[in-house]
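What follows draws every value from the coordinates through simple rules; no lab data is involved. Given the structure is predicted, the values throughout are model-derived calculations rather than measurements. Here the Cβ positions follow ideal geometry from the backbone for every residue, glycine too, while neighbour counts run over all protein chains shown.
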Amino acid sequence: MEDLLLTCDIHNKKLNMFCQDHDRLCCSDCVLLNHRQCTKVALISESVKMFSFDMQQLSISLQTILNQLNMFKRTQEASIKCVDVSYGEKLQEIRDMRNKLNATLDELENTTLKKLDEIRSTLQTSLKEDVENCRRLKDKLQQLSEAVQNLGEKSNNEIQFTACRKCLEKIQESETFLKENPVKGLNTMKFQANIDIQQYLSKNSCLGRFVVMNPNQVLTVKRKSEYNVKRSNDTSSTCFIV
């Protein structure tokens, strides 16, 4: 135990000098390196005669500072745990926010895909109706054409008249159909993306900002002012905001 008291913490040599200029105990290396210019360096055996000391008060001082250090250590250790807990909470909040963003994007995607499906269905329904009507007219005309070709020269006039009128009616119906449904080329769909969404996300460097807070921090009043806010119908004699 005495070795602990009498050994230099820096050079691990015996403390044998005391510098009054710096109020420091010194070993030979301390004097050589840091106190060569000091004028009040003396042996400890001589310095003892010039100072008085109270061991009981020293013990109290040591215990006081030890208690303060212990309190500081416990507080900092608690803060470390608090930081870890807060980190976990904020990490979960960030993941929850990301999940909400994902859900919002999924909803936007589903709504957009639904609109795309509706447009596709509308276009295809109209086109399929055109194809079906065209097929019906084509098949009927094909049947009439084959029937006319099979008519012989000896067929009676009544059959020829009927065939002619029927073909003309169907030709007229087909011409009307083609006139009312002109060929407009191939239908395609174009998607114009909402670039505002992408631009807004890309211009942000992170999902939010962090603020370090200390619930035990004491607020200090920098300045105090009084303002008279009394109204004519107030019954109180004075009314101030501080």
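When the alpha-carbon atoms of the chain are used, the pair Rg, Dmax equals 50.3, 158 angstrom. Using the rule -39500 (n - 2.57) for each DSSP H run of four or more residues, divided by the residues of the chain, the 222 nm mean residue ellipticity is -21000 deg cm²/dmol. Applying the criteria of a DSSP loop state and at most 15 other Cβ atoms within 10 Å to the chymotrypsin sites (Phe, Trp or Tyr not before Pro) of the range 1-89 yields 51, 53.
Exceedance of the 27 Å cut-off in Cα-Cα distance is limited, within the set 100/203; 115/140; 90/203; 13/49; 114/203, to 115/140; 114/203. Overall, the range 1-124 carries a charge dipole of about 180 debye about its Cα centre when +1 sits on the Cβ of Lys and Arg and -1 on the Cβ of Asp and Glu, all other atoms neutral. For the range 172-178, the Karplus equation 6.51 cos²θ - 1.76 cosθ + 1.60, evaluated at θ = phi - 60°, returns couplings of 5, 4, 5, 5, 4, 4, 5 Hz by residue, with Gly and Pro reported as x.
When the P(r) is computed for the range 27-135, the part past 20 Å accounts for 78% of the Cα-Cα pairs. Residues of the range 38-52 falling in the label zone of residue 28, defined by backbone nitrogen less than 15 Å from a point 7 Å along Cα to beta-carbon, are 43-44. Backbone amide hydrogens, once placed in the peptide plane, bring residue 7 within less than 5 Å of 15, excluding anything fewer than 5 places away on its chain. Amide hydrogen proximity for residue 38: with H placed 1.01 Å from N in the peptide plane, no residue at 5 or more positions away or on another chain lies under 5 Å.
Ordering 212, 110, 163 by the projection of their Cα atoms onto the charge dipole of the chain, which places +1 on the Cβ of Lys and Arg and -1 on the Cβ of Asp and Glu, puts 212 at the extreme positive end. Taken about its Cα centre, the range 79-193 carries a charge dipole of about 160 debye when Lys and Arg each add +1 at the Cβ and Asp and Glu each add -1 at the Cβ. Largest GNM mean-square fluctuation across 160, 68, 20, computed for the chain with C-alpha springs under 10 Å, falls on 20. Listed from fewest to most Cβ neighbours within 10 Å, the set 183, 31 follows the order 183, 31.
Close amide H partners of residue 24, meaning residues 5 or more places away or on another chain with modelled amide H under 5 Å apart, are 19.
When only the Cβ of Lys, Arg, Asp and Glu is charged (+1, +1, -1, -1), the dipole of the chain relative to its Cα centre reaches about 560 debye. Looking only at trypsin sites (Lys or Arg not before Pro) in DSSP loops with at most 14 other Cβ atoms within 10 Å, what is the longest site-free stretch of the chain? Longest run free of exposed loop sites: 41-153. Rounded to 0.05, the FRET efficiency of the residue 165 and residue 188 pair, given R0 = 30 Å and the Cβ-Cβ distance, is 0.10.
Mind checking which of 186, 131, 200 is farthest towards the positive end of the chain's charge dipole, using Cβ charges of +1 (Lys, Arg) and -1 (Asp, Glu) about the Cα centre? The residue sitting farthest along the positive end of the dipole is 200. Qualifying chymotrypsin sites (Phe, Trp or Tyr not before Pro) in the range 157-200, where qualification requires a DSSP coil assignment and no more than 12 other C-beta atoms within 10 Å, comprise 191. Across all directions, the average flat footprint of the convex hull enclosing the Cα atoms of the range 2-52 is 3.6 nm². Once the Cα atoms are used to define both axes, helix 55-149 deviates from the longest principal axis of the chain by about 10 degrees. In the chain, excluding the sites themselves, the longest stretch lacking any of the GluC sites (Glu not before Pro) that are in a DSSP loop with at most 12 other Cβ atoms within 10 Å is 1-152.
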